[in-house]
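As structure tokens, the structure follows; a few thoughts come after it.
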Amino acid sequence: MNNKEICIIRAKLKKDYVYDAISHYGYYIQTPYTGNSLFFRIFREIWFRCNLPFKKIWYRKLYKDNSIKWIILFDPLITPEYIEWLHSKRSDCKFLLLYENRADKTIRPDSVPKYVEKWSYDDDDCKQYSMNKFKQYFFLEYKRTPKHKPKYDVLYLGRDKGRAEYILNFEKQLNEMGLRTYFHICADRQFLRFKKRYYKKLLTYDEYLDLLIDSKAILNIVPEGQTSVTQREMEAAFDGIKCITNNKGIKTFPLYDESIFFLLGEDDINTIPEFLSTDVKIYDYEILTNYDFYKGLEQLVGIR
């Protein structure tokens, strides 16, 4: 598989560890739209929400390389109109849409043109919308080694998403068990960051990783019904850190081990201190390479 045969299109945050890691593999990667400053992003969002004409002025031109055979779009901010425009420019390419999010939170699968191959991590979405199942991946460059004597017993970092009160109550329960915690909850949108007193600033991924390796366990809370493996659970298995999760699908994860994962709602919550005191399973590096991003792309374009 030639790296230059693949062009990846993904919206980019100001500091985006996924975007940066993909670029390090040597693939073409670009954002779908121009105007990435805060002012222009807000202006563009208003333009799109009001369904104003001439949306094409925001579309970023594709790399001019005739060797590109595959165009892989990540779902955030992608619209059917954008796909149609892109296809009109490069109809010679194979189009794939990779859902990072649940289908009900992003572009509707039934609105996607039929020439686009749709892939998702989520089993339920795959069944409901007849999408292909994509194995969760990890960027090996972000693998870290935990500290020998971590500062925290349990770490949580994430946006509110309507679950902050539950998470803070759970932290209180952990503290009552004598456990040391660091819970870092951010607002769902940056302009809401002053709405609640417990909101904290957004951290970079490197800042988060520094906290992760200084913790015995990471807390992972998924929406009810979600069973696909998450980034937090991948980080736990890869870095040799425990994970407390409510994801009922975790037992189907090939890297599942009871020394790594504590399942809320099934395991006795009062045994968390005991769980944290036991050794964690460490996987061989060769096994972990099967989940590298490159292997994921092989699944998408290498096996035909």
Qualifying positions in the range 26-35 - surrounded by 15 or more Cβ atoms within 10 Å (Cβ to Cβ) and either part of a loop (DSSP other than H, G, I, E, B) or of a type in the set (Asp, Glu) (or both) | 27, 31, 32, 35
Is at least one residue of the range 232-251 modelled with pLDDT under 95 and touching a Lys or Arg at 6+ places or on another chain (Cβ under 8 Å)?
-> no
Exactly one of 184, 148 is touching a residue at least 24 places away in the same chain (Cβ under 8 Å) and either surrounded by fewer than 18 Cβ atoms within 10 Å (Cβ to Cβ) or in contact with a helix residue (DSSP H, G or I) (Cβ under 6 Å, 6 or more places away or on another chain) (or both), and that residue is 184
For residue 265, indicate whether it is within 30 Å of residue 73 (Cβ to Cβ) and either in contact with a Lys or Arg (Cβ under 6 Å, 6 or more places away or on another chain) or exposed (fewer than 14 other Cβ atoms within 10 Å of the Cβ) (or both).
-> no
If you check every pair at least six apart or on different chains, which have Cβ atoms under 6 Å apart with a residue in the range 74-99 that is of a type in the set (Val, Ile, Thr) first and a residue that is surrounded by fewer than 17 Cβ atoms within 10 Å (Cβ to Cβ) and in a loop (DSSP other than H, G, I, E, B) second?
-> 83/113
Do the conditions hold for residue 153, that is, is it in a strand (DSSP E or B) and surrounded by 12 or more Cβ atoms within 10 Å (Cβ to Cβ)?
-> yes
Any hit, the range 89-107, residues being more than 22 Å from residue 134 (Cα to Cα) and in a helix (DSSP H, G or I) | yes
Are any residues in the range 156-180 surrounded by 15 or more Cβ atoms within 10 Å (Cβ to Cβ), part of a helix (DSSP H, G or I) and among the aromatic types (Phe, Trp, Tyr), and if so, which ones?
-> 170
So which of 137, 156, 166, 152 ends up being modelled with pLDDT under 95, in contact with a Phe, Trp or Tyr (Cβ under 6 Å, 6 or more places away or on another chain) and at negative phi?
-> 137
Identity of the residue in the range 2-25, assigned to a loop (DSSP other than H, G, I, E, B) and over 22 Å from residue 92 (Cβ atoms), that ends up modelled with the highest pLDDT = 11
Mind listing whichever residues of the range 238-259 are under 18 Å from residue 156 (Cβ atoms) and either part of a loop (DSSP other than H, G, I, E, B) or in contact (Cβ under 8 Å) with a residue 60 or more places away in the chain (or both)?
-> 239, 241, 244, 246, 247
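The values are calculated or read from the model by the stated rules, or taken from the named source; none is laboratory data. Keep in mind that this is a model prediction, so the values were computed, not measured. A quick note on method: Cβ atoms are made from the backbone with ideal geometry, for glycine too, and the neighbour counts reach across all protein chains shown.
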